[in-house]
Amino acid sequence: MKVSAAYFSPTGGTEKVVKIMGDEIAAGGQIRYIDLTQAGCNFAKYEMGKGEILVAGVPVFCGRVPTVCIERIKKIKGGGAMAVPVAVYGNRAVEDALLELSDALTEAGFNIIAGVEAVAQHSIAPAIAEGRPDAGDEAELKLFAQTIKGQAALAQIEGGSAEFMVESEIPGNRPYQPMKDVKLYPQADERCMICGLCASKCPVGAIPMSEPYKTDETRCISCMRCVRLCPIGSRSVDAERVKGTENHLREVCPERNVNRLYV
């Protein structure tokens, strides 16, 4: 079985989740990684077909999937391959994100055989779900992957005609809830070395290469990639707002939230 793993992962949590599951499904065999975080990549070059499986992970932003993720996923040619949508959230809630991702994969020509909600460290408030996915998460995600691998094997035995996931089993609502803009746009302080790392790695091209201490707020999606990557901590967002977000999340979701498998 050919296995691919695609992820949009500005701060690394989604990539880690998807690779844990993808590597387990591949079981030491060959696996192709597709980094959806790369700006300027021609994602239409990726084509799949029956008998292949794609594990596709995206971060949850306020209960939705960032528009750029959906646009890039829809460019991949599914060709009847199997897919597992994975919505990675920062301990609060997934809401419509898993359904939205599932719909995008279906539109791209994939057959959905399972769905996963997984927890990773919060991108804006890193004190929330800090260190996740941890060892416990990894063990659980590997068990999920084994179940999914069995599901995929059954579909292959049935010649691709096995019953795929019933649409209503994926949680969420249509129409999806409105997309929110958190309006947290990282800026660089006077320590900026103008190294250009943040500009070269921004997934939406919101940082000018010629002036990497600036941020184009019309493009920025508040993914915090530049904040995590800055080697000297020059780029940041308002500390008071981050603290307020942490306090709010501790109130609404004080307990350790869980990973969920839908098959």
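Would you point out the residue of the range 94-112, among those that are part of a helix (DSSP H, G or I) and of a type outside the set (D, E, K, R), that is most open to solvent (accessible area, probe 1.4 Å)? In this case the residue turns out to be 106.
With respect to the conditions (1) open to solvent by less than 50 Å² (accessible area, probe 1.4 Å); (2) free of Cβ contacts under 8 Å to residues at least 60 places away in the same chain; (3) over 28 Å from residue 134 (Cα atoms), residue 187 falls short on a single one, namely (1). On the basis of being at pLDDT 95 or above, open to solvent by 20 Å² or more (accessible area, probe 1.4 Å) and among the polar types (S, T, N, Q), does residue 37 make the cut? Here the answer is no, as residue 37 does not meet what is asked. Comparison of 115, 131 shows that the only residue that is surrounded by fewer than 21 Cβ atoms within 10 Å (Cβ to Cβ) and within 29 Å of residue 228 (Cα to Cα) is 131. Of all residues in the range 149-161, those that are open to solvent by less than 80 Å² (accessible area, probe 1.4 Å) and either among the charged types (D, E, K, R) or at pLDDT 95 or above (or both) total 1. Of the candidates 73, 148, 53, the single residue that is outside any helix (DSSP H, G or I), out of contact with any Gly (no Cβ under 7 Å at 6 or more places or on another chain) and over 21 Å from residue 253 (Cβ atoms) is 53. In the set (1) within 27 Å of residue 90 (Cβ to Cβ); (2) over 17 Å from the mean Cα position of the chain (by Cα); (3) of a type outside the set (A, V, I, L, M), residue 64 fails one condition alone, (2).
The values are calculated or read from the model by the stated rules, or taken from the named source; none is laboratory data. Since we're looking at a predicted model, the values are computed, not measured. All Cβ positions, even for glycine, are placed from backbone atoms using ideal geometry, and neighbour counts span all protein chains on display. These accessible areas exclude ligands, DNA and RNA; they are computed on the full protein's heavy atoms, side chains included. Shrake-Rupley method; radii C 1.70, N 1.55, O 1.52, S 1.80 Å.
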